[in-house]
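The values are calculated or read from the model by the stated rules, or taken from the named source; none is laboratory data. Owing to the predicted nature of the structure, the values given are computational and were not obtained by experimental measurement. Don't worry about glycine lacking a Cβ; one is built from the backbone with ideal geometry, like all the others, and counts go over all protein chains shown.
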Amino acid sequence: MISKKMTVTINQQINAELYSAYLYFAFSSYASHTGLTGTATWFWVQGQEEMTHAWRFYNYLNNVGEHAVLDAIAKPPATFKSMQHMFEETLKHERKVTALINNLVNLAVQEKDHASREMLQWFVKEQVEEEKNVTDILGKLKLAGPGNGALFLIDKELGARVFVMPLDLAGAATA
Ligand code: FEO
């Protein structure tokens, strides 16, 4: 049995994950527009992964007899200063998402909601991974400095990222 408060907070998290997807698609579009095709690919994949995060919460609510309710998604910014700026904003954003996930875990513990706590463990691990990936990219960008040659190489490396649909989300709506 899931509480109303947990249901409302998970619904807010669905919106936060969908906003994350919107934000990363905006980065992807801007990167593509400025010729950073590898960066565009990296953010495109990142946006798709965020969609799957939203689906995980959506499926969870529907699977526990509740109702995933979709709210309006805020408009993301459309232009950015540089590649480094986009990744700095990404790290800032992911840290905010980590705080939201931690709040959800705190609520699950407080409510002795073991099912939600178990479901949230996947997200706890995912946030560690997400922050690390972006921190690594920022480290390379800082090492590379302002020269375009190194930037080109990093952009090329980022372009190798591929989206893989998690098998547990590939089938029915409430898998
Ligand atoms: Fe869904 Fe990037 O956190």
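For segment 154-163, give me the residue count where each residue is surrounded by 11 or more Cβ atoms within 10 Å (Cβ to Cβ) and either over 30 Å from Gln84 (Cα atoms) or of a type in the set (A, V, I, L, M) (or both).
As a first pass, look at segment 154-163 and keep what is surrounded by 11 or more Cβ atoms within 10 Å (Cβ to Cβ): 154-159, 161, 163.
If we keep only those that are either over 30 Å from Gln84 (Cα atoms) or of a type in the set (A, V, I, L, M) (or both) as well, we get 154, 158.
Final tally of qualifying residues: 2.
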Residue identified as of a type in the set (A, V, I, L, M), part of a helix (DSSP H, G or I) and touching a Gly at 6+ places or on another chain (Cβ under 7 Å) among Ala31, Ala40, Ala21, Ala16
Ala21
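Looking at Asn106, Asn102, which one is in contact with a helix residue (DSSP H, G or I) (Cβ under 9 Å, 6 or more places away or on another chain) and farther than 19 Å from Trp55 by Cβ? Give the derivation first.
Values: Asn106 fails: in contact with a helix residue (DSSP H, G or I) (Cβ under 9 Å, 6 or more places away or on another chain).
Answer to the selection: Asn102.
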Can you give me the number of residues within segment 154-175 that are modelled with pLDDT of 95 or more and either assigned to a helix (DSSP H, G or I) or of a type in the set (Asp, Glu) (or both)?
5
Count - residues of segment 138-175 that are in contact (Cβ under 8 Å) with a residue 12 or more places away in the chain and at positive phi:
0
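Check Gly159, Gly139 and return the single one that is of a type outside the set (D, E, K, R) and touching a Gly at 6+ places or on another chain (Cβ under 8 Å). Can you show your working first?
Details: Gly139 fails: touching a Gly at 6+ places or on another chain (Cβ under 8 Å).
Matching residue, one of Gly159, Gly139: Gly159.
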Leu91 being at pLDDT 95 or above, buried (at least 20 other Cβ atoms within 10 Å of the Cβ) and either within 16 Å of the ligand (Cβ to nearest atom) or under 30 Å from Ile154 (Cβ atoms) (or both)
no
Does Ile101 satisfy the criteria of being crowded, with 16+ Cβ neighbours inside 10 Å, farther than 24 Å from Asn15 by Cα and within 16 Å of the ligand (Cβ to nearest atom)?
no
Give the residues of segment 110-149 that are surrounded by 13 or more Cβ atoms within 10 Å (Cβ to Cβ) and away from the ligand (no atom under 16 Å from the Cβ), sorted by residue number.
Glu111, Asp113, Ala115, Ser116, Arg117, Lys140, Leu141, Ala144
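Within segment 123-131, does at least one residue satisfy the condition of being out of contact with any helix residue (DSSP H, G or I) (no Cβ under 9 Å at 6 or more places or on another chain), among the basic types (Lys, Arg) and in a helix (DSSP H, G or I)?
Just the residues of segment 123-131 that are out of contact with any helix residue (DSSP H, G or I) (no Cβ under 9 Å at 6 or more places or on another chain), to begin with: 125, 129.
Filter once more, keeping what is among the basic types (Lys, Arg): 125.
Of the ones still in play, those that are also in a helix (DSSP H, G or I) are 125.
Looking through segment 123-131, at least one residue is out of contact with any helix residue (DSSP H, G or I) (no Cβ under 9 Å at 6 or more places or on another chain), among the basic types (Lys, Arg) and in a helix (DSSP H, G or I).
Of all the residues that make up segment 42-64, how many are within 12 Å of the ligand (Cβ to nearest atom) and of a type outside the set (D, E, K, R)?
Step one: of segment 42-64, the residues within 12 Å of the ligand (Cβ to nearest atom) are 43, 45-57.
After this cut, where a residue has to be of a type outside the set (D, E, K, R) as well, the list is 43, 45-48, 51-55, 57.
Total meeting the criteria: 11.
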